[in-house]
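Since the structure comes first, as structure tokens, the remarks are kept for the end.
Every read-out reported here was derived from the displayed coordinates using simple, explicitly stated rules and does not represent laboratory data. Nothing here was measured: the structure is a model prediction, and the numbers come from that model. Glycine also receives a Cβ, built like all others from the backbone with ideal geometry; neighbour counts cover every protein chain displayed.
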Amino acid sequence: MSVPDSTQILLVCLGNICRSPMAEAILDFKAKNLGLKVKVDSCGTGNWHIGQQPDPRTIAVANHHGVPVNHRARQIELLDFERFDYIFAMDDQNYRNLVLLTDKEEHHRKILKIRQFDPVEPGGDVPDPYYGTDRDFQLVFEMLNRTIDEFLTQEFRINN
Ligand code: 4NP
């Protein structure tokens, strides 16, 4: 088996149509612009939206900030715990569900809440905007944008 020469990062929410595809798009966009060797994907812990495009409000807010979105929803699978180096949960509910899916300590070590890197208010949830407004999607974008900047700074020692 070949050894991957890039850092593999998985973003996880519930439906994989609002928060995690937005986080995937932001991280992929920034990593490409910085020339980093990173592979990014997203998925959901739930199965309701498998195969669907991201929510139109996720696409709109990302595109408004110049970030392209290209994803089809999929559900987490056990192989993901092997393939990825970082598995970022958007909130406590998804963090707990991810931990329950595997018994292995080496897998548990990869599972983190993404907002532990939030420089403004570390450790909280990325709130689910699905039943919210355009403003909620904008707030999720801002939260993910600064959090991903801080993650990239810490992980790759780059300055944004
Ligand atoms: P997401 O938002 O987890 O950020 O993709 C949701 C999308 C759909 C549902 C829940 C959350 N749903 O219950 O269908």
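A few remarks follow.
- Among 140, 38, 120: highest mean-square fluctuation, GNM of the chain, C-alpha pairs under 10 Å: 120
- Close amide H pairs (under 5 Å, H built 1.01 Å from N) link residue 42 with 11, residues at least 5 positions away or on another chain.
- Fewest neighbouring Cβ atoms within 10 Å first, the residues 105, 142 line up as 105, 142.
- Kirkwood hydrodynamic radius of region 65-113, from the reciprocal of the average inverse Cα-Cα distance over all distinct pairs: 12.0 Å.
- Dimensions of region 22-109 from C-alpha coordinates, computed as largest minus smallest value along each principal axis and given longest first, are 40, 32, 21 Å.
- Debye, to nearest 20: dipole size of region 1-100, +1 on Lys, Arg Cβ, -1 on Asp, Glu Cβ: 260
- For region 111-154, projected area of the alpha-carbon convex hull averaged over all directions, nm²: 3.2
- Cα centroid separation, region 15-52 to region 98-160 (Å): 12
- The Rg/Rh ratio of the chain, with Rg taken over Cα atoms and Rh as the Kirkwood radius over Cα pairs, comes to 0.93.
- Taking 0.36 nm per residue of separation and subtracting the current Cα-Cα distance, fully stretching the chain between residue 159 and residue 133 would add 6.1 nm.
- In region 72-160, inverting the average of 1/r over every pair of distinct C-alpha atoms gives 14.3 Å as the Kirkwood radius.
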